[in-house]
Every structure is written in structure tokens, then in C-alpha cells.
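All remarks here apply to the structure that follows.
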Amino acid sequence: MNRLSRIILGLLVLVPLCPAKLINEIVVVIYHEMGTVAILASDVRPGLDGRMQTLREVVLNKLMELDALYHKIIVTSEQAERYIENIQKQNRLSKRAVEDLFREAGYSYAQALEYLRARQMIEQVVEFRVKSDKRMIISREQAQERYQQNPPQSEAVYTLAIAFVADDVRGSTPIDTYIKNINLDKDIPFDEPFDLKESEIADDRKIVTTCQPGDIVFTEPVEGGIEITRLIAKKAAAVVPFDDCFQEIVTKMRQERLKQVFDDYYKLLIAQATFRFTHKEDVSILESSEMI
């Protein structure tokens, strides 16, 4: 047992004897090839994004940091500071303004720097361990096999246009009679056509799907006249060509595989370490295989 481990174990023994208000309780100790890490109650806090972290998230983040160190993935404080400087430039903020933002989130500048340094290490180790996993490579043949199993279909699309017929133009002539006696293409200025997918059409408007291009599908009285809606064109539902949906299929397959790769990585992280929890009920945080 190294000196740090003895010190941490000594603290664990002393914690119950100290008044709660005077100590920052150690809740987990992680024993890892890359070192022994104590997680304090104060470490379970909101991140810089303001979202409250759970103890499980804090433990997993620390495990990924240790794994990054094992693979010699190191982000220095100087690199993290350059990252902050880039954020300043992109958002045209002074260093003082950035410090104020950190302070509002409950972090000193030094704490925020350490937080961002750790996050960058985690992002890099996830890229190395998960996103670069060979299972994340989807070949064209694999995508085509998925396509053939369930070819995606495009929705039917209806192109409509709306026009306004003023009462003083139509007079007392019923709107249906008025429409029959004019040239719709010349006598009424329709607004710019717009498209609606079949799923976007309200149930009480489904008559659109039974009409033909050129038909007037609705006539509705509005202030000062009648609003008429005309079907300009319609495109039937059809099987989407493979090349048109190739990237979408690949993205979906990667998302599916990502969960499995993450789950396997989680199990590996847990297997690489030994844990000592101050509170027995906290042991259950290791039972889930879901990554954060």
C-alpha cells in the first residue's frame, strides 16, 4: 500500500469522528493502476453547464480520466487555458467576463480550468476507446443489407396554394359558380405554393389526399371575402433510393452500435478499478451498464 492510500484510509477512519459541518466527507475511494482517487461529497455538484451531476457521473468521469492517463492522453492546464481563450475570442468576451460566468456557475477560474481540462481528456479517451472502435465502421454492404430488410419510404407530398377572393369582386355570385366561370390560372393571383407531407395534414383536411392537381380543395369565408385553397401538385409515397438514404442508415446503425460499445467500455472501466464506498447504498451506482 502506497503512502497516498494509507493517508486516504486514515481519513476514512477519522471521518465519522468529525462533526459533519467541519469536514468534506469522502464518499468513494477508487483504487486504480494509475493511482488512488478520493471523491468528496463536494465533488457531486453542478457542472459548468448548470446541470447537477450524480455521484455515478462523477465516478465514471474520474474512471475515464484515469483511463486517459493509462493511454497517455494528457491535457495540460495550458491547453485548457488556450481552449478558454478561444471561447473568449469566438464570443468576444473579456477574461473578466468569462471569470464572472464561471463564478455564476459556482466555479473559481482555477476550478473551471481543471473541469475543462478533465472534460477534454474524457472527450479524447472516448474518441479513442469508443468512437474509433472497429464496430463503429459501417460498410456500404452492411448498410445495403439493412436497407433491403426494411426499405424506407418517402411520404406523399401535396403542393398547395392559397388565394383570396374579395366579396366586392365576387359580388353575390356563389363561390363555386364564380370559380367555374373564371380562369383560375389567370384571373386569381395565388400566393406562393407550399408543401405539406401527408402526416402534416390535419384529420379534418384529409380530403386533400383524394383530390387531383388543379382541384379546389377548400373554400372558407374570411373577413372581406373567401379564401380558396388549390392543389397544385402531389407526389405519391415511394421507396427511397438506397443512395438517397445511405447516410441516414449509417447514422442510425452507428447510434445503435454506440450503445453496445459504450456498455462494453463501461464494464471495462469498472473491471479496471476497485471501489470503497462510505455509504453502502451508494454501491448500487455501479450496477447499471448505461454510460453517462
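The values are calculated or read from the model by the stated rules, or taken from the named source; none is laboratory data. Bear in mind the structure is a predicted one, so any value in this text is a computation, not a measurement. FYI the Cβ positions are ideal-geometry reconstructions off the backbone, even for glycines, and counts take in every protein chain you see.
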- Message: So Ala118 ticks every box in (1) among the hydrophobic types (A, V, I, L, M, F, W, C); (2) within 22 Å of the chain's Cα centre (by Cα); (3) not assigned by TED's automatic domain parsing to the domain that holds Tyr266 but one. Which box is left unticked?
- Response: (3)
- Query: Are any residues in the stretch 90-109 assigned to a helix (DSSP H, G or I) and not acidic (Asp, Glu), and if so, which ones?
  - Reply: Gln90, Asn91, Lys95, Arg96, Ala97, Val98, Leu101, Phe102, Arg103, Tyr109
- Out of Glu81, Glu104, Glu127, report the one residue that is touching a helix residue (DSSP H, G or I) at 6+ places or on another chain (Cβ under 9 Å), farther than 30 Å from Lys235 by Cβ and in the same structural domain as Val37 (by TED's automatic domain parsing). Glu81
- Gly50: passes all of (1) within 23 Å of the chain's Cα centre (by Cα); (2) modelled with pLDDT of 95 or more but (2)
- Limited to the stretch 186-203, what total is found for residues that are acidic (Asp, Glu), farther than 19 Å from Gly225 by Cα and part of a helix (DSSP H, G or I)? 3
- Task: Please list, ordered by first then second residue, the pairs with beta carbon atoms under 8 Å, 6 or more apart or interchain, first in the stretch 200-217 and in contact (Cβ under 8 Å) with a residue 12 or more places away in the chain and in the same structural domain as Lys235 (by TED's automatic domain parsing), second in a helix (DSSP H, G or I) and not charged (D, E, K, R).
- Result: Ile201/Val208; Ile201/Thr209; Gly214/Leu184; Ile216/Ile179; Ile216/Leu184; Val217/Ile207; Val217/Val208
